[in-house]
Each structure stands twice: as structure tokens, then as C-alpha cells.
Amino acid sequence: QVQLVESGGGLVQAGGSLRLSCVASGNIFAINDMGWHRQASGQQRELVAGITRGGSTTYADSVKGRFTISRDNAKNTVYLQMNSLKPEDTTVYYCYAYSGNRRSWGQGTQVTVSS
């Protein structure tokens, strides 16, 4: 089993930046893909960005060119650098990790962007 702990959320003005971090523990040797989803109130959870163990990345169209995902396998950590933030980026961000076919979730971190 994998446990995930996120940090780095907060309040920022439009145009600002935040960096989210997610540290994995537990059965870390089985982890392959990691990434971030977000879920606004009343909406489905959507993929923001994902990264494979080898470093291949994927992004939602809405964040391409503004967000960058990276990971440090030695530290069992995945990061989400968020630049040029917009009010519509406001929501809870959840880290995920796949170990085999099993996906684990973090508890979520709130990102609020003021206009």
C-alpha cells in the first residue's frame, strides 16, 4: 500500500505561482505513474498532469504552458509547478500514484487564486 501526503497549496493572486509537492511512503518500489487531479465542487475529478517513472508527461489542455510536473524518484516525490495562475484554477488538488493497477490518493490540498 502507498500513502501520499501533499503540501504547497494556499492563496495566491491571479498571475502568481505555487508549487505543490507530494511525498509517497509505504510500498514505494511498486510505484510507476504519479500525477495530479483536481476537483471543483460539484464537478468530476479531472486529470491535471501525469508523469511516468521514466519522466514522460501529460497535461490537461487547460494547463499546458503554465504548469510543469516533475518527480524525484530518489525522494519519492512528485511536484506540480503552477505559474500564471487563474481564478478558474481554484479548487482542491489531489496527488495520485499507481502501483500496478492500484491507484492511491492523497488527502488533497486547496489552491485558491484571487482575481
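The values are calculated or read from the model by the stated rules, or taken from the named source; none is laboratory data. This one's a predicted model, so the numbers in the text were calculated from it and none came from an experiment. Heads up, the Cβs are rebuilt from the backbone with ideal geometry, glycines too, and the neighbour counts pull from every protein chain shown. Side chains included, ligands, DNA and RNA excluded: accessible areas come from the protein's heavy atoms. Shrake-Rupley method; radii C 1.70, N 1.55, O 1.52, S 1.80 Å.
Just how large is the dipole of segment 48-99 about the Cα centre, in debye to the nearest 20, putting +1 at every Lys and Arg Cβ and -1 at every Asp and Glu Cβ?
Computed about the Cα centre, the dipole is about 160 debye.
Just to confirm a number: summing +1 for Lys and Arg and -1 for Asp and Glu over residues other than residue 14 whose beta-carbon lies under 13 angstrom from that of residue 14, what do you get?
Neighbour charge sum, excluding residue 14 itself: 0.
Quick check: Cα centre of segment 91-115 to Cα centre of segment 1-53, how many Å?
Cα centroid to Cα centroid, the span is 4 Å.
In nanometres, what is the gap between the two model label sites at residue 52 and residue 75, each 7 Å from Cα along Cα-to-Cβ?
2.4 nm
So if we plug the beta-carbon distance of residue 62 and residue 5 into 1/(1 + (r/R0)^6) with R0 = 25 Å, what FRET efficiency do we get, rounded to 0.05?
Given R0 = 25 Å and the Cβ-Cβ separation, E is 0.45.
Counting Lys and Arg as +1 and Asp and Glu as -1, each charge on the Cβ, what is the dipole of the chain about the Cα centre in debye, to the nearest 20?
Using only the charged Cβ atoms, the result is roughly 160 debye.
Starting from the Cα gyration tensor of the chain, multiply each eigenvalue by 5, take the square root, and state the resulting semi-axes largest first in whole Å.
Gyration-tensor ellipsoid for the chain: 23, 14, 13 Å.
Using the Cβ atoms and a cut-off under 15 Å, what net charge is assigned to the surroundings of residue 96, where Lys and Arg are +1 and Asp and Glu are -1?
+3
I'd like the accessible area for residue 72: 1.4 Å probe, protein heavy atoms, all chains in place, Å² to the nearest 10.
50 Å²
When the solvent-accessible surface of protein heavy atoms is calculated with a 1.4 angstrom probe, in what order do 75, 86 fall, highest first?
Highest to lowest solvent-accessible surface, that is 75, 86.
Return the FRET efficiency for the residue pair residue 43, residue 86: r is the Cβ-Cβ distance, R0 is 25 Å, and the value is rounded to the nearest 0.05.
0.95
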